[in-house]
1. Scan the range 77-89 and give yes if some residue there is farther than 30 Å from P152 by Cα, in a helix (DSSP H, G or I) and not charged (D, E, K, R), otherwise no.
2. Is it the case that the range 160-168 has a residue that's at negative phi, modelled with pLDDT under 95 and either of a type in the set (S, T, N, Q) or within 13 Å of the chain's Cα centre (by Cα) (or both)?
3. Specify which of the listed residues (V69, V63) is within 16 Å of N116 (Cβ to Cβ), in a loop (DSSP other than H, G, I, E, B) and within 13 Å of the ligand (Cβ to nearest atom).
4. Name the pairs: first residue in the range 143-158 and modelled with pLDDT of 95 or more, second residue basic (K, R) and more than 12 Å from the ligand (Cβ to nearest atom), Cβ to Cβ under 9 Å, at least 6 apart or on different chains?
5. Within the range 139-155, track down each residue that is more than 7 Å from the ligand (Cβ to nearest atom) and surrounded by fewer than 24 Cβ atoms within 10 Å (Cβ to Cβ).
6. Within the range 156-194, which residues are of a type in the set (D, E) and more than 15 Å from the ligand (Cβ to nearest atom)?
7. Taking the residues in the range 43-56 that are aliphatic (A, V, I, L, M) and outside any helix (DSSP H, G or I) as candidates, determine which candidate is nearest to the ligand (Cβ to nearest atom).
8. Identify all residues within the range 77-106 that are within 15 Å of the ligand (Cβ to nearest atom) and not aromatic (F, W, Y); write none if there are none.
Amino acid sequence: MRLKNKVCAITGAGRGIGRASAKLFAQEGAQVFILEFDGLSGKAAVEEIVQAGNQAIFVQCDVSNESSVKNAFEFIEKTAGTLHVIYNNASVYLGGKDGIITEIDSEIWHRVLSINLNSIYYCCHYGIPLLQKSGGGAIINTASSAGVIGIPKCDAYTATKGATIALTRSLASEYGRYGIRTNCIAPAAIATDMVKQSNPDSDDFDAFSFINLRTPLRRWGTPEEVAQLALFLASDDSTYLNGTVIAADGGITINGDLAKAQAVDHA
Ligand SMILES: NC(=O)c1ccc[n+]([C@@H]2O[C@H](COP(=O)([O-])OP(=O)(O)OC[C@H]3O[C@@H](n4cnc5c(N)ncnc54)[C@H](O)[C@@H]3O)[C@@H](O)[C@H]2O)c1
């Protein structure tokens, strides 16, 4: 019960990594608030958690909308009276629409920045005062390998993920004095709907051999594996970690020349 009596807000927890984390956090004793845009998946996540005998509450929230986020944190304060963890997980990867900077449509650019980056501003702006009132807590941000190494043809997405890492460090510098630790997870190649949707030609993960080849572990990661890392960062197991960026990517981002890795496998 590593999160016993803790109140945690997780954005985008209707599916994927967020949902796996919500289930694990609740299993570890937390009361989890699921801040999710999609009502169907958000409610289904809550139902699954409650059926397992644990605590979760669905809060319909568009993280790219300031008043929606403000209302969500007001609701959390009214309902739970406190908050210990803010897990900024929600993002979009608009495959086929995001792209190179000279071609990307300005509406797409602003939409991606709004969902992936402005959301962190809103959630921290309205959530950090609650962490301060509770005497401290943990913020977990979500970047990507795209924030750590150069990845072409998704410039809006990479811009938000690089900014997420920079913001993690400045939040860690400023709010550490209040007992608030801010850390960041940088996933890659995790088998979720986001990855399926950005590779619409196949719904078979094994078919994406390029990922298998580029990952030193030669397999996809699971949302549950990232959830374990999030649990570590949320809990008292990581009390001296502040401002870190931890890759959850099977080693992709340390792999150097990815094209060469592929060539070697084919040899
Ligand atoms: N899956 C990967 O390999 C991978 C790689 C790098 C980074 N990431 C990051 O990990 C995080 C989770 O990714 P995932 O693969 O689980 O994604 P996912 O698409 O499966 O889940 C994202 C969730 O966010 C929700 N969401 C989207 N827009 C929202 C909004 N405006 N307001 C509230 N909720 C919203 C979606 O409805 C969905 O439930 C994201 O930040 C993503 O960028 C994932």
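1. Yes.
2. Scanning the range 160-168, I find no residue that is at negative phi, modelled with pLDDT under 95 and either of a type in the set (S, T, N, Q) or within 13 Å of the chain's Cα centre (by Cα) (or both), so the answer is no.
3. On the way: V69 fails: in a loop (DSSP other than H, G, I, E, B).
Exactly one residue qualifies, and that residue is V63.
4. Within 9 Å, the pairs are A156/K97.
5. Result: V148, I149, G150, I151, P152, K153, C154, D155.
6. Filtering the range 156-194 down to residues of a type in the set (D, E) leaves 174, 193.
Listed by number, the list holds a single entry, E174.
7. A56
8. Scanning the range 77-106 gives I86, N88, N89, A90, S91, V92, L94, G95, G96, K97, D98.
The values are calculated or read from the model by the stated rules, or taken from the named source; none is laboratory data. Here the structure is a predicted model, which is why all the values come from computation and not from measurement. Virtual Cβ from ideal backbone geometry, glycine too; neighbours counted across all protein chains shown.
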